[in-house]
1. Which of (1) under 22 Å from THR297 (Cβ atoms); (2) at pLDDT 55 or above; (3) surrounded by fewer than 18 Cβ atoms within 10 Å (Cβ to Cβ) does LEU274 not meet, given it meets every other one?
2. Given the residues ASP350, ASP372, ASP393, which is the only one that is in contact with a Gly (Cβ under 7 Å, 6 or more places away or on another chain) and within 30 Å of ARG256 (Cα to Cα)?
3. Is it fair to say ALA399 is exposed (fewer than 14 other Cβ atoms within 10 Å of the Cβ) and either of a type in the set (Phe, Trp, Tyr) or under 26 Å from GLY252 (Cβ atoms) (or both)?
4. For region 335-355, how many residues meet the condition of being touching a strand residue (DSSP E or B) at 6+ places or on another chain (Cβ under 8 Å) and basic (Lys, Arg)?
5. Has region 398-416 got any residue that is out of contact with any Asp or Glu (no Cβ under 8 Å at 6 or more places or on another chain), assigned to a loop (DSSP other than H, G, I, E, B), of a type in the set (D, E, K, R) and closer than 30 Å to ASP282 by Cα?
6. Filter region 464-501 for residues that are of a type in the set (S, T, N, Q) and without any contact (Cβ under 8 Å) to a residue 40 or more places away in the chain; which is farthest from GLY252 (Cα to Cα)?
7. Inspect all residues belonging to region 341-349 and state whether any of them is buried (at least 21 other Cβ atoms within 10 Å of the Cβ), among the charged types (D, E, K, R) and either modelled with pLDDT of 95 or more or within 30 Å of ALA385 (Cβ to Cβ) (or both).
8. Which ranges mark the strands (runs of 3 or more DSSP E) fully within region 287-338 that have 3 or more residues being buried (at least 16 other Cβ atoms within 10 Å of the Cβ)?
Amino acid sequence: MNPDREDLNDRYLDAALRDALGPNVDLTRRVLRAAGRAEPSRPRVIALPRRAPVWRPLAAAAAVLVVAGLGVYALVQVLPADRPDQSAPAAATRPANEAAPAPAPRPHDPVPGVAPVTRPDEAAPPRPKANEPEFEPLPPLPEPAPTPPDEVKRPETPAPEPRLPDGEVKRDPEPEYPEGWTDPPESWPGKLPEGTAPGERAVLCAAIRPSRKDGVRVADGGKWKPLAAGQVLRDGDRVKVTGWADFTLGDGTLLRLDGEMALTLEDKTTVARLFGGVLYADCALPLLVRHEALGVTLTGQALVQYRPRALDVSVLLGTATAAARELGAGRAARLDADGFGRDRAVAFADLQREHRMLKESPERKAVREDFDAYKGEIWGGEVTAGVLRGGHDKVRGLAFHFGPVPLRGNEVVRLRYRVTKRVDLVMQFGTTGDGNFRHVIRGVESGKWLEAEIPVSAFFTNMDETQKLAAGNAVRRFQLHDDDGRPVESEIDWFEIVSRP
């Protein structure tokens with residue numbers, strides 16, 4: 001072993017013993033003295049190396065990074081830059097006695113003594129030759145062919161309107177109404193009610209039947225004036241009813257009102273604006289009932305009751321449509337700004353118990369003929385003194401045309417008739433599809449005026465009694481004849497098809 005290394009180990013051992021036994025204990029001399037050896041000279045004490053603090057390596061690393069960053073920054077500042085504004089600082093730091101270096105040539109700058117290189121895509125355009133235009137002019141456009149004098153188009157001048165005679169005022173044309181409706185004889189346009197001039201705006205209501213005297217009033221100049229039975233309502237009239245009143249519209253629709261409403265005509269659709277109370281409607285054509293921003297379209301039979309910001313709608317036949325939702329027959333629901341609420345079952349008997357105006361069942365006359373001034377086609381017999389008489393034709397019997405009238409299945413047929421001998425009498429409908437539906441009355445008494453009321457559902461086809469006259473059919477002809485096909489003298493005083501709940 002190296003003596004220096006061995007001596008150093010002894011020193012470390014001594015240091016360790018001093019730490020363990022104290023600084024004044026000297027074991028070396030004891031050991032040498034016991035072995036009979038001379039005492040060595042006193043060795044030098046070497047202090048143990050101190051531990052380096054932990055933060056010093058980290059500080060050294062940080063210093064190295066800072067120096068490296070400064071070096072990179074200095075290198076970037078020294079390198080030449082492409083932009084002119086970055087080369088000025090470098091020139092400012094140059095010594096005064098040092099010449100400025102020549103600027104580096106740019107890619108497109110010419111180099112002295114070297115011919116410039118031109119790329120194919122940068123070739124200069126050829127110069128035009130002498131006396132040669134720089135571009136080729138376009139050929140001149142051809143001159144348009146002149147228009148013959150007789151074909152010259154001049155702006156059309158509207159023809160002047162014909163001058164009206166003195167005292168006459170131009171009126172709007174009469175509105176178009178759906179074809180094929182039938183209405184009571186006192187309704188418009190079958191004949192114009194008294195006081196209605198030709199060309200006047202559409203008459204919406206041509207028959208009023210109040211439940212009490214002076215029960216109907218109409219707004220006139222901010223005042224309410226009585227409206228007598230049989231008077232008419234026109235577009236925009238507002239009425240108030242005490243008790244109840246029936247209004248027959250020009251299209252045959254029946255309205256029964258206990259409250260206040262206004263009637264208007266919008267785009268060929270009748271609109272009833274309800275301001276209070278209850279409105280029952282039996283519609284021949286769709287009817288729009290409005291209350292503020294709410295609106296419900298009715299087809300068939302329905303009752304609408306006014307509520308603050310809502311309408312209670314009960315449908316008996318057909319549908320009620322509002323806000324893209326349809327309420328079917330036999331259902332009732334409240335309509336508000338959110339549409340129909342939860343629906344429930346309803347029947348006409350329920351409405352009769354709740355509303356006094358329905359105690360007397362309303363009836364809409366789809367067809368009513370008294371033969372006073374009949375303008376239709378008589379197919380068998382002839383009209384004399386307001387009565388249809390005849391029936392000597394064994395094929396046709398007594399027959400006349402009307403309509404066509406679409407059926408909804410709830411209608412009844414009523415008539416007043418008389419025969420000259422006791423027979424089994426056939427009452428028969430002809431439909432638009434050339435179908436025949438019949439009903440037989442056995443043993444009709446002779447010589448007496450009789451009244452019959454028969455539901456349309458009691459009529460059946462000639463070939464099959466199980467096939468009934470149902471909703472969806474449209475009738476257009478009525479006949480009376482003997483069941484055996486023999487001629488029989490008969491008369492009809494009046495005839496009607498009635499719709500009721």
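1. (3)
2. Only one candidate passes the filter, namely ASP372.
3. no
4. 2
5. Checking region 398-416: at least one residue is out of contact with any Asp or Glu (no Cβ under 8 Å at 6 or more places or on another chain), assigned to a loop (DSSP other than H, G, I, E, B), of a type in the set (D, E, K, R) and closer than 30 Å to ASP282 by Cα.
6. Checking each candidate, the answer is THR466.
7. No: region 341-349 contains no residue that is buried (at least 21 other Cβ atoms within 10 Å of the Cβ), among the charged types (D, E, K, R) and either modelled with pLDDT of 95 or more or within 30 Å of ALA385 (Cβ to Cβ) (or both).
8. Qualifying strands (runs of 3 or more DSSP E): 287-291, 294-307, 310-322, 331-336.
The values are calculated or read from the model by the stated rules, or taken from the named source; none is laboratory data. Not measured: the values here are computed from a predicted model. Virtual Cβ from ideal backbone geometry, glycine too; neighbours counted across all protein chains shown.
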